[in-house]
Amino acid sequence: MEKEYFIRIYIFSEDSGIIVNDAIDADLFEVTQSFDGVNGCLAIYDVRMSKSGLKCLLLMDVDYLPLNNYGDFKITCPNCGERIDDDMILTIYDETMLSGYNILCNRHDCGFQVAKVEYIGD
């Protein structure tokens, strides 16, 4: 059985929104929930996808955060560069998350950040 990924995608520009919506229309991503963003973040999509969908996502220039299969990704703070622990990932859909932030790094007082995510699977 093929691995399934749950990914949160952050849209910060109209161009990114068009690309992601085209992928949704092509059935590469299945939207499980979506939210209007605030403070510069246009929208947030929680999507389900196969590995082929993930490969397409990796070619897009969009911010994302995995919501499962964490072992396939390296998630770090863009400020201090250290790996993010599970309890640093934002899970409440409040103004902070809807602004596009997805982690709270308190190792070096970095604060709310958009995580740096690298796919390391395969």
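On inspection, Asp25 does not qualify as surrounded by fewer than 18 Cβ atoms within 10 Å (Cβ to Cβ) and in contact (Cβ under 8 Å) with a residue 12 or more places away in the chain.
When the criteria are applied in full, Asp46 meets the requirement of being under 25 Å from Asp94 (Cα atoms), touching a Ser or Thr at 6+ places or on another chain (Cβ under 7 Å) and not aromatic (Phe, Trp, Tyr).
Count of region 58-74 residues, restricted to those that are in contact with a helix residue (DSSP H, G or I) (Cβ under 9 Å, 6 or more places away or on another chain) and either of a type in the set (D, E, K, R) or at pLDDT 95 or above (or both), is 5.
The values are calculated or read from the model by the stated rules, or taken from the named source; none is laboratory data. All figures in this text were calculated on a predicted structure; none of them were measured in a lab. Cβ sites come from the backbone with ideal geometry, for glycine too, and all protein chains shown count toward neighbours.
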